1. Within the stretch B:1-101, which helices (runs of 4 or more DSSP H) (wholly inside it) include 3 or more residues that are more than 27 Å from B:Tyr189 (Cα to Cα) and touching a residue at least 12 places away in the same chain (Cβ under 8 Å)?
2. Only residues that are within 11 Å of chain A (Cβ to nearest Cβ) and touching a strand residue (DSSP E or B) at 6+ places or on another chain (Cβ under 6 Å): list them for the stretch B:76-123, please.
3. Can you name every residue in the stretch B:69-109 that is in contact with a Pro (Cβ under 9 Å, 6 or more places away or on another chain) and acidic (Asp, Glu)?
4. Here are some residues: B:Pro140, B:Pro99. Which one is out of contact with any Asp or Glu (no Cβ under 6 Å at 6 or more places or on another chain), closer than 16 Å to A:Asn164 by Cα, crowded, with 19+ Cβ neighbours inside 10 Å and not assigned by TED's automatic domain parsing to the domain that holds B:Asp244?
5. What number of residues within the stretch B:124-145 are more than 9 Å from chain A (Cβ to nearest Cβ) and closer than 21 Å to B:Glu65 by Cα?
6. Looking at the structure I just gave you, is B:Ser3 touching a Cys at 6+ places or on another chain (Cβ under 7 Å), surrounded by 14 or more Cβ atoms within 10 Å (Cβ to Cβ) and either modelled with pLDDT of 95 or more or under 23 Å from A:Lys161 (Cα atoms) (or both)?
7. Report, by residue number, each residue of the stretch A:146-168 that is away from chain B (no Cβ under 14 Å), surrounded by fewer than 21 Cβ atoms within 10 Å (Cβ to Cβ) and either more than 17 Å from A:Ser245 (Cβ to Cβ) or of a type outside the set (D, E, K, R) (or both).
8. Can you pull out the strands (runs of 3 or more DSSP E) entirely within the stretch B:188-278 that have at least 2 residues that are among the polar types (S, T, N, Q) and open to solvent by 50 Å² or more (accessible area, probe 1.4 Å)?
There are 2 protein chains.
Amino acid sequence: MNSVLIRSVAEMQMVSCKIKGTIGFVPTMGFLHEGHLSLVKAAQNRSDNVIVSIYVNPSQFAPDEDLDNYPRDLDKDIELLNELQVDYIFFPNDKEMYPADFKTWVSVDKLTTMLCGKSRPTHFRGVTTIVTKLINIIRPDFMFLGEKDFQQLTVLKQMTKDLNLTTEIIGCPLVREPDGLAMSSRNKYLTIDQRKNAISIYKALLLAQDLFTNGHKTVDKIISKMKTLINQHKGTIDYIDVVDSSTLESIENLYVGCRIVVAVYFGKTRLIDNIEIK
Amino acid sequence: MNSVLIRSVAEMQMVSCKIKGTIGFVPTMGFLHEGHLSLVKAAQNRSDNVIVSIYVNPSQFAPDEDLDNYPRDLDKDIELLNELQVDYIFFPNDKEMYPADFKTWVSVDKLTTMLCGKSRPTHFRGVTTIVTKLINIIRPDFMFLGEKDFQQLTVLKQMTKDLNLTTEIIGCPLVREPDGLAMSSRNKYLTIDQRKNAISIYKALLLAQDLFTNGHKTVDKIISKMKTLINQHKGTIDYIDVVDSSTLESIENLYVGCRIVVAVYFGKTRLIDNIEIK
């Protein structure tokens with residue numbers, strides 16, 4: 001059976017409040033890849049009903065970012081979700097999500113000003129606002145998010161806790177291309193050369209894990225070696241940091257369970273990635 | 001039967017998600033007066049179950065404001081609500097509402113920087129954040145707010161609409177003392193002299209209505225006469241403005257349905273009031 005397509009907020013609210021059993025929700029900006037589909041499968045394993053939203057949220061893009069060029073393919077997305085027998089696909093429009101008199105913002109302090117927040121100062125405010133709206137419309141029991149956007153995952157966990165939302169956030173493993181590049185809709189922007197060089201991000205992360213396994217713990221030294229490797233592949237580093245997995249605060253010495261987070265430009269395309277140190 | 005007292009967030013969430021029928025919610029900061037009780041009665045008329053919260057929300061007070069001195073009398077409040085046979089009284093504590101790692105804020109642009117927002121720049125952020133939390137905990141069908149805090153009512157209507165909360169906000173008429181002073185927990189701060197002089201606020205509002213009824217429409221002239229009257233009674237005016245009832249934007253000529261909003265200090269006590277022009 002095909003997924004039920006819902007475009008209006010009122011209809012989505014009416015449908016979700018009548019749904020019996022638990023609701024698992026996967027918020028996406030569409031142009032779905034294996035990473036998204038793994039979230040859908042996790043949602044199906046855990047919940048009686050699965051709702052996937054497809055919405056390229058304008059408020060999380062700065063004016064100079066790639067909102068207009070962000071890849072979209074609604075027909076293909078619907079086809080993929082139909083194949084997985086997702087129950088509902090919610091694809092609202094800008095006019096309904098951000099009417100002309102829209103004025104309300106949800107923001108999270110501290111966690112949103114570091115890492116990606118430094119180069120994208122209004123990004124997380126857009127994310128937390130749209131996710132609050134989507135949660136209020138869909139009222140999911142569980143929300144499934146990829147660990148690729150690790151900072152986003154941390155911010156949204158903080159937000160739901162602080163605002164007493166009862167939706168449980170479930171982080172799911174990052175999915176990689178066969179050569180190790182983290183799956184992302186933005187990989188589409190890469191030229192053939194950039195695509196090859198972009199593998200250096202994952203290689204640098206593996207190098208860090210290797211160094212740690214071999215007894216190296218000093219963050220400065222490890223980051224320095226990662227930078228060299230990525231620079232050799234023409235990547236322009238936005239940041240590389242080693243952080244505590246819950247506070248996102250920088251640490252000085254690696255330990256099991258800490259996380260290395262990375263943002264690198266290849267040309268104009270900004271890619272992020274991370275690993276947990278084991 | 002006495003009201004059920006609930007202190008823990010988890011218990012309140014569990015109780016409210018099991019309640020059958022509609023929930024009417026009245027958020028208060030306690031020290032209840034007839035104004036609050038009129039909201040409770042409105043809630044009882046409209047809803048199957050009524051929940052009243054009593055919580056002096058620290059985040060809506062600036063450091064130099066009256067948080068510590070804000071009047072409290074929980075026993076008396078409970079007695080009054082018992083008499084009205086309110087179903088549930090929710091009185092959470094600071095530690096649970098704002099744990100040490102709390103970081104999330106809900107804010108509304110524009111509507112919150114004018115009028116009371118000018119002298120209380122962080123006030124409404126505190127209000128919108130706590131109300132979002134309370135709505136998420138209680139999940140009311142209706143929330144009852146007094147028109148005395150007219151700006152607050154407008155801000156919260158905007159917020160619930162923008163965030164797609166399904167709680168309907170119902171504004172209820174301001175309740176006055178027999179001599180016309182708007183009921184407020186802060187009236188307790190007034191000395192006998194200040195209390196007498198404070199009636200000038202309502203007198204000034206009635207004067208404005210009289211002037212309009214007699215054909216005067218120019219805001220500047222009407223405000224000027226109101227100021228004179230209040231100043232004669234030793235009131236220090238924070239603001240007097242005539243605004244559109246939905247946008248809160250200042251207007252130049254009065255019309256039926258516009259609103260005159262006032263904030264005046266008597267000593268250190270800041271009182272607010274408003275009327276709709278008829």
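1. B:9-18, B:34-46
2. Taking the stretch B:76-123 as the starting set, the residues that turn out to be within 11 Å of chain A (Cβ to nearest Cβ) are B:92, B:96-99, B:101-113.
Result: B:Lys103, B:Thr104, B:Trp105, B:Val106, B:Ser107, B:Val108.
3. If the condition is that a residue be in contact with a Pro (Cβ under 9 Å, 6 or more places away or on another chain) and acidic (Asp, Glu), then B:Asp94 is the only one that fits.
4. Values: B:Pro99 fails: crowded, with 19+ Cβ neighbours inside 10 Å.
On inspection, the qualifying residue turns out to be B:Pro140.
5. Total meeting the criteria: 6.
6. no
7. Correct list: A:Leu153 only.
8. Working: elements: B:236-243, B:259-266, B:269-276.
Correct list: empty, since no element meets the threshold.
The values are calculated or read from the model by the stated rules, or taken from the named source; none is laboratory data. Keep in mind the model is a prediction, meaning the values are calculated, not measured. Methodologically, a virtual Cβ is constructed for each residue, glycine included, from the backbone with ideal geometry; neighbour enumeration extends over all protein chains shown. These area figures cover heavy atoms from the full protein model, side chains too; ligands, DNA and RNA do not enter into them. Shrake-Rupley method; radii C 1.70, N 1.55, O 1.52, S 1.80 Å.
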